[in-house]
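Worksheet: one structure, shown below.
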Amino acid sequence: MMKPIADNAPLKELDDWDDFVAIRYQQGKSEEDFRNYKADANRTVTEFYRQNHAYQTLDFVRSKKAEYCSLKRGKKSIWEMAEYLNTLVDDSDPDTDLTQTEHLLQTAEAIRKDGHPRWFVLAGLVHDLGKVLCLYGESQWAVVGDTFPVGCAYSDQIIFPEFFPANADSAVPEYQTEYGIYGSHCGLDNVHLSFGHDEYIYQVTRKYLPEEAGYMLRYHSFYPAHRHGAYRHLMNDNDERMFEWVRKFNPYDLYSKGRERPNMQEIRPYYQDLVSEFFPDKIDW
């Protein structure tokens with residue numbers, strides 16, 4: 001389980017956000033049920049989203065993209081970065097169960113067992129590697145959380161929309177119109193979403209994976225769009241097609257936890273071969 005990033009971080013572990021999202025979209029819930037955030041939320045999650053919505057401004061997003069998406073933090077292999085992510089495991093916690101790599105392998109194994117393409121399996125393996133942002137010193141609200149466009153009006157389909165008045169962008173009239181700084185159906189590639197691990201792992205892997213996998217990685221936390229249909233006025237035809245793959249990926253992201261512990265010795269050769277099929281030995285991070 002993940003260590004706190006800072007003493008004042010609202011989530012005890014980053015995985016608390018993942019668990020909350022899985023509860024929110026529990027299989028079998030009706031639309032009315034999973035929109036009832038207040039019933040599911042706890043104080044730590046509520047405080048997390050208060051910070052997230054207050055601090056994810058357009059200027060902040062642009063600055064973090066400039067800082068991280070130029071990929072100048074050195075070269076590592078996929079496996080080296082997975083091991084680096086494993087340093088988030090708290091060895092002093094007697095309740096620690098799976099490492100972060102094992103969590104990723106659970107997702108990938110669930111996808112593989114359902115017979116999806118190899119690139120789809122690989123997307124499951126790497127989708128949360130962007131959480132190394134917290135090891136770079138980023139605050140929780142800049143690593144995880146539902147993503148949403150900045151620079152335009154906030155949809156009421158975003159979780160806890162009542163926290164947005166504390167965001168400095170709320171006082172900028174240009175940013176609070178339907179299209180804001182964007183154009184009609186301009187395409188999501190031209191839209192700035194709140195910054196986090198989705199954007200980072202997309203930028204790291206975009207040269208090596210198919211477009212469908214890139215959409216899964218980049219937008220798997222964009223719940224207002226792929227679960228609630230918000231922001232379609234910014235999406236182009238290609239976004240609409242590619243979001244079918246995002247929706248196919250989402251159940252594996254939400255519900256693969258709690259499956260049997262992966263047999264690392266047994267499956268490691270398959271994943272070593274899979275990674276080497278798509279990635280060179282080391283890539284830029």
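The values are calculated or read from the model by the stated rules, or taken from the named source; none is laboratory data. Bear in mind that the values here come from a model prediction, so they are computed numbers and not experimental data. So basically every Cβ, Gly included, is an ideal-geometry build from the backbone, and we count neighbours across all protein chains shown.
Given the criterion surrounded by fewer than 12 Cβ atoms within 10 Å (Cβ to Cβ), charged (D, E, K, R) and either modelled with pLDDT of 65 or more or under 17 Å from the mean Cα position of the chain (by Cα) (or both), identify the matching residue among ARG50, ARG43.
ARG43
From the list ARG227, ARG268, ARG247, exactly one residue is of a type outside the set (Phe, Trp, Tyr), surrounded by fewer than 20 Cβ atoms within 10 Å (Cβ to Cβ), modelled with pLDDT under 95 and closer than 26 Å to TYR25 by Cβ. Which is it?
Unique residue meeting the criteria: ARG227.
What's the total number of residues in region 154-175 that are touching a residue at least 24 places away in the same chain (Cβ under 8 Å) and either polar (S, T, N, Q) or within 19 Å of ASN236 (Cβ to Cβ) (or both)?
3
Please work out if GLN106 is modelled with pLDDT of 85 or more and under 14 Å from ILE159 (Cα atoms).
No; evaluated as a whole, the condition is false for this residue.
Restricting attention to region 241-274, which residues are within 11 Å of TYR215 (Cβ to Cβ) and under 19 Å from the mean Cα position of the chain (by Cα)?
MET242, PHE243, GLU244, TRP245, VAL246, ARG247, LYS248, PHE249
Starting from residues that are among the charged types (D, E, K, R) and part of a loop (DSSP other than H, G, I, E, B), keep the ones in region 133-166 and report whichever is farthest from LEU85 (Cα to Cα).
The selected residue is ASP156.
Hey, which of the helices (runs of 4 or more DSSP H) in region 167-261, taking only ones fully inside, have at least 1 residues that are under 19 Å from VAL61 (Cα atoms)?
So the answer is 197-205, 211-219, 223-226.
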